[in-house]
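Every read-out reported here was derived from the displayed coordinates using simple, explicitly stated rules and does not represent laboratory data. Keep in mind that this is a model prediction, so the values were computed, not measured. Cβ placement follows ideal geometry from the backbone for every residue including glycine, while neighbour counts extend to all protein chains displayed.
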Amino acid sequence: MDSQAPAEALAIKTEKLNLWYGTFQALYDIDLDIKRGIITSMIGPSGCGKTTFLRSVNRINERLGYVRTTGSILVLGHDIYGPQVDLGKVREQVGMVFQRPNPLPLSIRENVIFGYRLAKGTQKVSASERDEIVEKALREVLLWDTVKDRLDRRAIDLSLEEQQKLCIARLLPVKPAVLLMDEPCSALDPKGTEAVEELIWELRGEYTILIVTHNMAQARRASEECIFMLLGKVIEHTPTEELFVTPANQETADYIEGRYG
Amino acid sequence: MGGVSAIIFIIGIFIFITKEGLPFLLGRFDIVEFFTSPRWRPTSEHNPTYGALALIAGTASVTGLAMLVAVPFSLGAAIYIGEFATGRTREILKVLVELLAAIPSVVWGFIGLSIMNPLIIKLFNVPVGLNVLNAGFILGLMAAPIMTTIAEDALKAVPDTYREAAEALGATRWQVIRRVVIPASKNGLVAAVLLGVGRGFGETMAVLMASGHSINLPTSIFDSVRALTATIAAELGETAVGSDHYRALFTLGIFLFLITFIINLTADLVVRGIRKK
C-alpha cells in the first residue's frame, strides 16, 4: 500500500475537523494537508489547539470521556474516525512522543519491544528476534552505544534526554508512518534539546513528523513546513521560511515577532 | 505523639498478654503437644491437654478459603473502580465498599448463622451448615472491602502518564492494566492481600458464629472447625483467673499476636518496596 494512490502523497488530511471538550470548542473547521516524509511544525500561543489537534490524530484525546469530534482525519488515505477502525492499528501507524518523557515502568529492553509485542498479538516474540529489533531501534535513535550494557535496567533511571530518545525508539519497531511530537524538548536542557532535534531531523524522510513547539527558533530550524494556529483555527500553513520571512497574515506576523504568546 | 502512643500501646498489650501467658509457657506448656496434638481439652478433670493443632488448622482453613473468595473479588472490584468506573458510579461504589467495611462482625456472624447455614444444608445436602465453607465465605466477604480499598489505592498511585503512554503505543485498556498497571502496583496489591489475611486470622465473632465451633481437623469444607480467636472468646470468661486453662488461652493470644504482627510487618515492608529488586 506504500506507493499507489495519489492521495498518499499526503500523510495526514483533515476535513472540517471540529472538536469540543464538553461545551468548550477547541478546534474550528480544521482543513489541513500535511505532506508525507517531511517535518511540519505547529506553532501558536498556549491554548490555541495545537496539542489538541495533535492528540486527535492518534485519537488519544478520547481517553477523556467528554471529548466530541466531528469531521474527518485521513492518515495515508484511511479515515481513522471511521466505524470499523481498530484503535490499536491507528496507534501502530501514528506514534506519539509526549512533552515529558514517559517511559513505562519496565526495563529499557521491554520499553522498546512493548509496542511490537502488542502488534504481534498472541504470537510470541523469540529472544533473538527481540534482541535484533531492540538493537535496531536503539541504533536508530543513537542510544545503542550508551545503553547496550544495561538493557535490563529500569528505563526510569536514564537521564531525561535518554528517556526521550527511548520514547522515540519504542515507536519505531512497528514501523509507523507518522510520528506526532508534542513539545518533545520542553523538559530537556539545551544540550538534550540539540541532541533530540538532531535525531528528529535524522528521522525525516522515513517518517512523517508533526511537531508541536513553543520555541519558534526550533520551528524555524527544525521544520520544512509550518502551521500557525490561533484560537482553535489554522491561520497559515506554508513552507517554514515563507512563514517566518513573509507571513501572509497580520496575526502570524504579530506572533512571530513576539507581540503575544 | 500519635506514633509514640501507638508504640507504647502495642508494647503494653504485648507485655500484658505475655505476663498472663508466661507462667504457662514456662511450666505446663509442651511445645510438641501444642503444635501437633489436635486435643484441646483444658477442662478435663483428670488429664487436661492443650493441643492447639485443630485450632490452628481451623483458623488456617477458614482464612485460606476466605482468601480464595476475597482475593479475586476484591482485586476485581479494585480494578473496576480504579480503572473503568468514572464520575458518579465510581464515587457511589467507593462509598458502598466503605459501608461494607463498616458492617459489624456480629452482623456477618448472624448472616452466617441464619442465612448461610440453611442455604448450605439445602444446596449441598449436608447435615450441618456451620462449617469451613460458611465461615470462610463470610470471612471472605468481610475481608474484601478493606482489601478493595487498599488495592484501589495502589492502582491509583500508578501515574496516569504510564497508562497514556501504553495506550498511545496501541494497548487496549485491558492490556494497559495487565502489562503496566498491575506490575507497577504489585507491592500495594500484595500488601492488600496480606492485610486481608491478617484480618482473617484476627476475626473472632463472625467465625465463632459461622464455623460450628467444634474441635476438628477439617478434611473437607463441610467440616465444622474451631478458630484460635473464637476459642479465646468463648472460654476466657469461664476460666478461673490464674489457672492453667486461663494462661493457656493467653498463650494462644501470644501466638495470634505474633502471627498477625508478622503478617502486618511483611505487608508494611512490601508497601515500602523493601523487596524491590
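Per-residue answers, yes or no, for (1) over 16 Å from B:Leu249 (Cβ atoms); (2) touching a strand residue (DSSP E or B) at 6+ places or on another chain (Cβ under 7 Å):
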residue	(1), (2)
B:Ile15	yes, no
B:Glu33	no, yes
B:Ser37	yes, yes
B:His46	yes, no
Which numbered condition B:Gly76 misses (of (1) within 30 Å of B:Ala184 (Cα to Cα); (2) surrounded by 13 or more Cβ atoms within 10 Å (Cβ to Cβ); (3) in contact (Cβ under 8 Å) with a residue 40 or more places away in the chain): (3)
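Of all helices (runs of 4 or more DSSP H) completely enclosed by segment B:1-120, which ones contain at least 1 residues that are under 30 Å from B:Phe222 (Cβ atoms) and in contact with a Pro (Cβ under 8 Å, 6 or more places away or on another chain)? Write out each step before concluding.
Values: elements: B:2-26, B:31-36, B:53-79, B:87-101, B:105-111.
In segment B:1-120, the matching helices (runs of 4 or more DSSP H) lie at B:53-79, B:87-101.
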Single condition A:Lys13 does not satisfy, out of (1) away from every other protein chain (no Cβ under 14 Å); (2) closer than 19 Å to B:Gly170 by Cβ; (3) among the charged types (D, E, K, R): (2)
Lone qualifier among A:Val147, A:Val125, A:Val85, A:Val134 - being over 19 Å from the mean Cα position of the chain (by Cα), more than 9 Å from every other protein chain (Cβ to nearest Cβ) and free of Cβ contacts under 8 Å to residues at least 12 places away in the same chain: A:Val85
Filtered residues of segment A:219-239 (kept if surrounded by fewer than 21 Cβ atoms within 10 Å (Cβ to Cβ), not aliphatic (A, V, I, L, M) and not in a strand (DSSP E or B)): A:Arg220, A:Arg221, A:Glu224
Pairs with Cβ under 6 Å, 6+ apart, first in segment B:176-189 and away from chain A (no Cβ under 12 Å), second surrounded by 17 or more Cβ atoms within 10 Å (Cβ to Cβ): B:Ile177/B:Glu83; B:Gly188/B:Ala154; B:Leu189/B:Ala151; B:Leu189/B:Ala154
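Working carefully through the options A:Arg100, A:Arg109, A:Arg91, find the one that is basic (Lys, Arg) and within 17 Å of A:Ala11 (Cβ to Cβ).
Numbers: A:Arg100 fails: within 17 Å of A:Ala11 (Cβ to Cβ); A:Arg109 fails: within 17 Å of A:Ala11 (Cβ to Cβ).
None of the others qualify; the one that does is A:Arg91.
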Residues of segment B:111-164 satisfying the condition of being within 14 Å of another protein chain (Cβ to nearest Cβ) and either in contact (Cβ under 8 Å) with a residue 12 or more places away in the chain or of a type in the set (Lys, Arg) (or both): B:Ala154, B:Leu155, B:Ala157, B:Val158, B:Tyr162, B:Arg163
Test result for A:Asn111, in a loop (DSSP other than H, G, I, E, B), within 13 Å of chain B (Cβ to nearest Cβ) and either surrounded by 18 or more Cβ atoms within 10 Å (Cβ to Cβ) or of a type in the set (A, V, I, L, M) (or both): no
Segment B:220-277, residues that are more than 30 Å from B:Gly27 (Cα to Cα) and among the β-branched types (Val, Ile, Thr): B:Ile221, B:Thr266, B:Val270, B:Val271, B:Ile274
When residues of segment A:187-197 are limited to those that are touching a Lys or Arg at 6+ places or on another chain (Cβ under 8 Å) and either among the aliphatic types (A, V, I, L, M) or more than 24 Å from A:Lys136 (Cβ to Cβ) (or both), the one nearest to the other protein chains (Cβ to nearest Cβ): A:Ala187
Any hit, segment B:169-191, residues being buried (at least 19 other Cβ atoms within 10 Å of the Cβ), within 25 Å of B:Gly253 (Cα to Cα) and of a type outside the set (Ser, Thr, Tyr): yes
Selection from segment A:150-174 of residues that are without any contact (Cβ under 8 Å) to a residue 40 or more places away in the chain and in a loop (DSSP other than H, G, I, E, B): A:Ser159
